[in-house]
């Protein structure tokens, strides 16, 4: 069988180093000539003491650092504009994002906005960014979003709606994976972000249009690492090997889905974030089981392959192996301690039709699903998750 043509893009450089953030100055000084840094993060990480050693390292290596710590979950457009303004006022010539997916997404957009004159409103969509960007360094503190290696930034644009900027300019120059930064992540966050990463791997592997051999290889290894280490990371946050495996797995899944895009789980998760401010990873975790069961009729051969990847013993035909994979994922989520039903996170049953209608706006994602999802199907999926 001939191979479909494909293109694979990713970030220029990834370094994996336990404790690497505490030596960031030395690392960046050797890689970049820029010395006026804007460090983008959130107040929680500042108060947790994660930022002070990074600042000390940067300043010790000759960097002048301005900190922007106003990032919040589901960041609205005004945070992006405020951050870009701080970058301009500081004369920043390098952008460093350190935090969860929201901080990394803001850093990507600030790097583009600070380097040009194109307004943010013209960047939404695929391939709409016209200019270049400042040098960009991304350092994740959760093992989940994969944002450090994607070309996507998600911004809250209205009361309840989110929009994405997808452009090659958003791929970073340098990514540091320092799993020491994830040690303090509470069990619930660890579970939700870890399941989010597994969703990325599964949806990349079953994506309808851009599935490709490189994304497949990364998705398989991501799922192997994540499934084998999720429960250990949730139960013992200081387990170094589990934390390192989760962080690398999340990054590999990010590389996979940046080139073989995600689908219905994400499309149904975004309205939950918009209406109820449920964290992105948790909303994905809540929608995974119903969507896996819905997609199984079309994706069964691929789910059967993933059953082998996660080490499910036994035999059976494709359908049985696919069902075993779905059940494995359900059991894993149960063991992780993450909430399992929409009602557990205060979603009301009468809001489900509105959520289903809003999910239909996510055409960029729904087109990648193995089976079409119309509004009625979306409503049934929300009802199944309720």
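None of the figures in this text is laboratory data; all of them are computed from the coordinates on show. Model, not experiment: these values are computed from the prediction. Positions of Cβ are backbone-derived with ideal geometry, glycine not excepted, and every protein chain shown enters the neighbour counts.
Assuming R0 = 56 Å, can you tell me the calculated FRET efficiency for the pair residue 345 and residue 132, based on Cβ-Cβ distance, to the nearest 0.05? Numbers along the way, then the final one.
Values: r = 41 Å, r/R0 = 0.73.
E(calc), rounded to 0.05, equals 0.85.
On a 0 to 90° scale, report how tilted helix 375-385 is relative to the longest principal axis of the chain, with both axes built from alpha carbons and the result rounded to the nearest 10.
It is inclined by approximately 90 degrees.
Using 0.36 nm per residue of separation minus the Cα-Cα distance, give me the extension gain between residue 209 and residue 367 in nm, one decimal.
Numbers: separation 158, 0.36 × 158 = 56.88 nm, distance 0.81 nm.
That works out to 56.1 nm of additional length.
How big is segment 187-385 by the Kirkwood estimate over distinct Cα pairs, in Å?
On the way: mean 1/r = 0.0604 Å⁻¹.
It works out to 16.5 Å.
Say a paramagnetic label sat at a point 7 Å from the Cα of residue 277, along Cα to Cβ; which residues of segment 178-221 have their backbone N under 13 Å from it?
Under cut-off, by backbone N: nothing.
Return the calculated 222 nm mean residue ellipticity for the chain, to the nearest 500 deg cm²/dmol, obtained by summing -39500 (n - 2.57) across DSSP H runs with n ≥ 4 and dividing by the residue count.
On the way: 14 runs with 197 residues, N = 386.
Helix-only estimate at 222 nm: -16500 deg cm²/dmol.
Give me the number: length gained by fully extending residue 31 to residue 384, i.e. 0.36 nm times residue separation minus the C-alpha to C-alpha distance, one decimal in nm. Kindly include the intermediate steps, with their values, before the conclusion.
Values: separation 353, 0.36 × 353 = 127.08 nm, distance 5.00 nm.
Once the chain is fully extended between residue 31 and residue 384, it gains 122.1 nm.
Compute the acute angle (0 to 90°) between the alpha-carbon long axis of helix 77-90 and the principal axis of greatest extent of the alpha-carbon atoms of the chain; round to the nearest 10°.
So the helix axis and the longest Cα principal axis differ by about 30 degrees.
What number, in nm² with one decimal, is the all-direction average of the projected area of the convex hull of the alpha-carbon atoms of the chain?
Numbers: hull surface 71.9 nm².
With the hull built on Cα positions only, its mean projection is 18.0 nm².
At 0.36 nm per residue, minus the direct Cα-Cα distance, what do residue 360 and residue 89 gain on full extension? Give it in nm, one decimal, please.
Details: separation 271, 0.36 × 271 = 97.56 nm, distance 3.99 nm.
Contour length minus the Cα-Cα distance gives 93.6 nm.
Let me have the relative contact order for segment 187-385, percent, based on Cα pairs under 8 Å that are six or more residues apart.
Values: 322 pairs, mean separation 54.5, N = 199.
Relative contact order for segment 187-385 comes out at 27 percent.
For helix 318-336, report the angle its Cα long axis makes with the longest principal axis of the Cα atoms of the chain; keep it between 0 and 90° and round to the nearest 10°.
Helix 318-336 and the main axis of the chain meet at about 50 degrees.
Starting at 0 and stepping by 10 Å, how many percent of the alpha carbon pairs of segment 14-182 end up in each bin?
Each 10 Å bin holds this share of Cα pairs: 11, 44, 36, 9, 0.
Taking only C-alpha pairs under 8 Å that are 6+ residues apart, what is the relative contact order of the chain in percent? Please list the in-between numbers first.
Working: 805 pairs, mean separation 58.4, N = 386.
For the chain, the relative contact order is 15 percent.
Order by neighbour count: 190, 182, 130, fewest other Cβ atoms within 10 Å first, most last. Can you show the working numbers first?
Values: 190 28, 182 24, 130 13.
Ranked by crowding around the Cβ, least crowded first: 130, 182, 190.
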